[in-house]
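Since the structure comes first, as structure tokens, the remarks are kept for the end.
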């Protein structure tokens with residue numbers, strides 16, 4: 001019998017529009033695992049590319065404020081500058097080790113990308129080290145070279161063969177190759193590479209056509225984010241509730257993801273798409289505090305200005321370890337569904353020995369391993385708390401739901417099951 005882990009269930013992606021919200025929900029085995037939302041009044045700028053203008057240099061921060069025409073100026077640090085003529089990825093990203101005041105001047109135009117959305121009264125965080133992500137390839141137009149994911153393994157023959165395949169279809173700039181690229185035909189890689197290269201060409205042409213500040217490329221919408229974040233994992237169906245949305249996604253897939261065209265369909269049933277799959281209650285509950293665990297117990301999710309605090313409660317369930325293991329899976333799921341970023345502290349139920357505590361940390365680490373935002377689990381403190389960090393990726397889902405009037409923004413004691 002093979003010891004390999006079973007393959008993940010294929011994903012089903014559902015796309016609709018609900019009032020001001022464009023929604024893309026990802027299900028596996030019927031369970032909601034990912035949710036992407038765009039609010040008409042607060043479009044996501046994550047990944048957007050601007051031609052910006054240096055507003056002022058801040059030597060104390062070794063950073064500069066950049067006017068991108070969005071109200072709040074963005075902030076770029078010296079390490080996020082891309083030096084002209086840098087010959088390697090490291091050199092391109094390092095800013096040459098010089099203070100930012102020697103690299104930039106007020107009024108200078110820069111091509112920048114949003115790597116973190118505004119929040120907490122601050123503007124967006126910017127970088128010149130741009131990435132244009134696809135499912136199998138990521139174009140890095142400002143940094144040279146070819147980099148293959150470590151997840152492919154260390155087999156030099158396999159890595160070299162994949163590198164040759166990508167080099168044959170992906171030209172110009174630099175490229176990061178995801179591990180799943182090894183399993184798809186050259187035609188799929190070629191279509192994605194060409195789509196990303198065309199997007200970069202449009203950015204270059206836009207930058208040359210007018211003065212800063214200007215938006216050159218909007219970030220991907222909720223539907224495309226949902227597809228791209230699956231990477232090369234199997235997608236069994238993409239169901240879209242509106243004809244206009246279906247046409248837009250079909251046009252994108254025909255150019256960039258031709259293998260997905262056969263699984264893309266327009267929902268025509270009498271029952272609304274999200275209601276048919278029982279998602280409305282699950283989504284509205286993401287603004288609430290309490291989440292019940294299968295088999296007993298529950299977690300409370302409290303968002304503060306500084307961090308997210310999760311409290312695990314056993315209820316009538318007697319086994320602390322089993323409750324904690326169930327809670328670890330749900331904590332990972334809720335962080336991803338709610339798009340909560342920054343510091344996370346989890347107060348699990350006290351356990352008997354070091355072996356149980358180690359097992360819990362390992363289970364939590366495994367549960368967050370596939371989160372595209374990137375989660376670091378730092379282990380247990382002396383007080384028995386688990387400390388984590390999760391990358392910030394756009395507005396938090398409870399905030400967007402509250403803005404749309406689609407659910408409670410509950411930081412207190414209300415329950416959502």
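The values are calculated or read from the model by the stated rules, or taken from the named source; none is laboratory data. Predicted model, so just to flag it, every value in this text is computed and none were measured. Cβ: placed from backbone, ideal geometry, glycine included. Neighbour counts: every protein chain shown.
It is to be established whether one or more residues within segment 170-180 are in contact with a strand residue (DSSP E or B) (Cβ under 7 Å, 6 or more places away or on another chain), at negative phi and assigned to a helix (DSSP H, G or I).
no
When both residues are 6+ apart or on different chains and their Cβ atoms are under 7 Å apart, which pairs have a first residue that lies in segment 389-406 and is at positive phi and outside the structural domain of residue 225 (by TED's automatic domain parsing), and a second that is surrounded by fewer than 20 Cβ atoms within 10 Å (Cβ to Cβ) and assigned to a loop (DSSP other than H, G, I, E, B)?
394/46
Assuming residue 360 fulfils every condition listed in (1) modelled with pLDDT under 90; (2) assigned to a helix (DSSP H, G or I) apart from one, which condition is it?
(1)
Which members of segment 384-400 meet the condition of being at pLDDT 85 or above and farther than 27 Å from residue 41 by Cα?
In the first step, residues of segment 384-400 are kept if they are at pLDDT 85 or above; the result is 385-391, 396-400.
If the condition is that a residue be at pLDDT 85 or above and farther than 27 Å from residue 41 by Cα, then 385, 386, 387, 388, 389 are the ones that fit.
Just one of the numbered conditions (1) surrounded by fewer than 19 Cβ atoms within 10 Å (Cβ to Cβ); (2) without any contact (Cβ under 8 Å) to a residue 40 or more places away in the chain is not true of residue 333; which one?
(2)
Restricting attention to segment 48-77, which residues are out of contact with any helix residue (DSSP H, G or I) (no Cβ under 7 Å at 6 or more places or on another chain), surrounded by fewer than 20 Cβ atoms within 10 Å (Cβ to Cβ) and not in a strand (DSSP E or B)?
60, 61, 69, 70, 71, 72 - these are the residues of segment 48-77 that are out of contact with any helix residue (DSSP H, G or I) (no Cβ under 7 Å at 6 or more places or on another chain), surrounded by fewer than 20 Cβ atoms within 10 Å (Cβ to Cβ) and not in a strand (DSSP E or B).
Does residue 233 fit the bill of being touching a strand residue (DSSP E or B) at 6+ places or on another chain (Cβ under 9 Å), touching a residue at least 12 places away in the same chain (Cβ under 8 Å), outside any loop (DSSP other than H, G, I, E, B) and surrounded by 14 or more Cβ atoms within 10 Å (Cβ to Cβ)?
Numbers: touching a strand residue (DSSP E or B) at 6+ places or on another chain (Cβ under 9 Å): yes; touching a residue at least 12 places away in the same chain (Cβ under 8 Å): yes; outside any loop (DSSP other than H, G, I, E, B): no; surrounded by 14 or more Cβ atoms within 10 Å (Cβ to Cβ): yes.
It is false that residue 233 is touching a strand residue (DSSP E or B) at 6+ places or on another chain (Cβ under 9 Å), touching a residue at least 12 places away in the same chain (Cβ under 8 Å), outside any loop (DSSP other than H, G, I, E, B) and surrounded by 14 or more Cβ atoms within 10 Å (Cβ to Cβ).
Which count do you get for residues in segment 113-143 that are in contact with a strand residue (DSSP E or B) (Cβ under 7 Å, 6 or more places away or on another chain), within 13 Å of residue 393 (Cβ to Cβ), assigned to a strand (DSSP E or B) and touching a residue at least 60 places away in the same chain (Cβ under 8 Å)?
Number of matching residues: 3.
For segment 149-165, indicate whether the set of residues that are over 24 Å from the mean Cα position of the chain (by Cα) and not in a helix (DSSP H, G or I) is non-empty. Working first, answer last.
Narrowing segment 149-165 to residues over 24 Å from the mean Cα position of the chain (by Cα): 154-165.
Checking which are not in a helix (DSSP H, G or I) leaves us with 154-155.
Taking every residue of segment 149-165 in turn, at least one turns out to be over 24 Å from the mean Cα position of the chain (by Cα) and not in a helix (DSSP H, G or I).
Which members of segment 371-388 meet the condition of being assigned to a loop (DSSP other than H, G, I, E, B) and in contact (Cβ under 8 Å) with a residue 40 or more places away in the chain?
Residue satisfying the conditions is 372 alone.
Read through the list (1) under 29 Å from residue 274 (Cβ atoms); (2) modelled with pLDDT under 95; (3) crowded, with 20+ Cβ neighbours inside 10 Å, then give the number of the only condition that residue 240 fails.
Failing condition for residue 240: (2).
Could you list, in sequence order, all residues of segment 356-388 that are loosely packed, with under 15 Cβ neighbours inside 10 Å, within 18 Å of the chain's Cα centre (by Cα) and either more than 16 Å from residue 328 (Cβ to Cβ) or assigned by TED's automatic domain parsing to the domain that holds residue 126 (or both)?
Within segment 356-388, 374 is the sole residue that qualifies.
For residues that are crowded, with 17+ Cβ neighbours inside 10 Å and within 14 Å of the chain's Cα centre (by Cα), tally how many sit in segment 389-403.
Looking only at that region, the number is 7.
Give the number of residues within segment 278-310 that are in contact with a strand residue (DSSP E or B) (Cβ under 9 Å, 6 or more places away or on another chain), buried (at least 19 other Cβ atoms within 10 Å of the Cβ) and farther than 24 Å from residue 385 by Cβ.
Residues flagged as in contact with a strand residue (DSSP E or B) (Cβ under 9 Å, 6 or more places away or on another chain), buried (at least 19 other Cβ atoms within 10 Å of the Cβ) and farther than 24 Å from residue 385 by Cβ within segment 278-310 amount to 3.
Can you tell me which residues in segment 341-355 are over 22 Å from residue 294 (Cα atoms), in a loop (DSSP other than H, G, I, E, B) and either touching a strand residue (DSSP E or B) at 6+ places or on another chain (Cβ under 8 Å) or not assigned by TED's automatic domain parsing to the domain that holds residue 393 (or both)?
341
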